[in-house]
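The values are calculated or read from the model by the stated rules, or taken from the named source; none is laboratory data. Source: prediction; values computed, not measured. Note that each Cβ is placed from the backbone with ideal geometry, even for glycine, and that neighbours are counted across all protein chains shown. For the accessible areas, the whole protein counts, side chains as well, though only heavy atoms, and no ligand, DNA or RNA atoms are used. Shrake-Rupley method; radii C 1.70, N 1.55, O 1.52, S 1.80 Å.
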Amino acid sequence: MVRSPNGFLSALSADDYELIRPHLRTVDLPHDAVLVETGEALERAYFPHRGVISLVVELAKGEHVQVAMIGRDSLLGTLSTMGDACALNTAIVLFPGVASVVDLERLRIAADQSSTLRTLLARHGLAVYAQVQQTAGCNAAHPVESRLSRCLLHTHDLSGDSRLLLTQETLAQMIGARRNSVSLVANSLQQANFIHYSRGHIQITNLDGLRQTACECYAIVKAQYDRLLGTR
């Protein structure tokens, strides 16, 4: 069996993969594309090969706060296969790429036929939940510098790239901070030679430096993904 670039698909047994393989198709993930909005029914599961999907909570006054990211190691749609397909948050393409997709109903039928597929879906759902939980605590308690370092490291892991296209507004949404705070902290990280930042283009130049600056949340989430998925 030819293995997919997506971590979830590549982790499937040959039998489980064959349950969904005939129904998979490949789509582009354009930058800023909205895959589902809060309250809508998710119709397809997305398995990124490249690119990153941002899960965003929209507040009453118009603020947008990121609560999790999904990249090449997982999928969008885990929890929807096990219950209500109504989206709890908006899913937006943060970094463009390519994904395999399958109709959610087809994935549900396959999961009903295989306990090992159901287990893997549950473990991926738990991994995303662990990220959401840790992000909420991090954004409430840790300084902006630690949060920004954590977010850049996680984005690097998911995208596999040290060059990131992220505006100050996007970074502010990703860590629940004000734009002026992000600007000051990004400048501080650049002076420390951890990143090079210019007009929304970020080049990570020192991963170890970012790891030392990040709070414990980066390592905790990574450890949970390693334990649940064994792919990172």
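A few points about this structure:
- Couplings for region 48-57, taken from phi via the Karplus curve 6.51 cos²θ - 1.76 cosθ + 1.60 with θ = phi - 60°, read x, 8, 9, x, 9, 9, 9, 9, 10, 9 Hz in order; Gly and Pro are left as x.
- Relative contact order of region 33-114, pairs being alpha-carbon contacts under 8 Å that are 6 or more residues apart, as %: 45
- Histogrammed with a bin width of 10 Å, the alpha carbon distances of region 102-226 distribute as 13, 39, 26, 15, 8, 0 percent, first bin at zero.
- Here's the picture: a label point sits 7 Å out from the Cα of Ser183 along the beta-carbon direction, and within region 143-164 the residues with their amide nitrogen under 20 Å of it are 144-149.
- Normalised per residue, the accessible area of region 139-232 is 50 Å², obtained with a 1.4 Å probe and no contribution from ligands, DNA or RNA.
- Local charge for Gln113 was computed over the other residues whose Cβ lies under 12 Å away, with Lys and Arg +1 and Asp and Glu -1, and equals -1.
- Förster radius 45 Å - calculated FRET efficiency between His31 and Arg227 (Cβ-Cβ, nearest 0.05): 0.90
- Entry for P(r) over Cα pairs in 10 Å bins from 0, in percent (calculated from the structure that is shown) out of (1) 8, 29, 32, 21, 9, 2, 0; (2) 7, 25, 25, 21, 14, 6, 2, 0, 0, 0; (3) 8, 33, 36, 17, 5, 0: (3)
- Radius 12 Å from Cβ of Leu24, net charge of other residues (Lys, Arg +1; Asp, Glu -1): +2
- Under the criterion of Cα pairs below 8 Å and six or more residues apart, the relative contact order for the chain equals 21 percent.
- Note on Glu58 and Ala136: the extension gain reaches 26.7 nm, defined as 0.36 nm multiplied by sequence separation minus the Cα-Cα distance.
- Extreme residue, positive dipole direction of the chain, given options Tyr17, Cys151, Leu55 (C-beta unit charges): Cys151
- Region 51-159: C-alpha pair distances exceeding 17 Å, %: 59
- Whole-percent P(r), region 29-87, all Cα pairs, 5 Å bins from 0: 4, 17, 26, 28, 17, 7, 1.
- Total charge dipole magnitude, region 69-222, about the Cα centre, Cβ charges on Lys, Arg, Asp, Glu only, Debye to nearest 20: 200
- Radius 14 Å from Cβ of Leu79, net charge of other residues (Lys, Arg +1; Asp, Glu -1): +2
- The calculated 222 nm mean residue ellipticity attributable to helices in the chain amounts to -14500 deg cm²/dmol, summing -39500 (n - 2.57) over DSSP H runs of n ≥ 4 and dividing by all residues.
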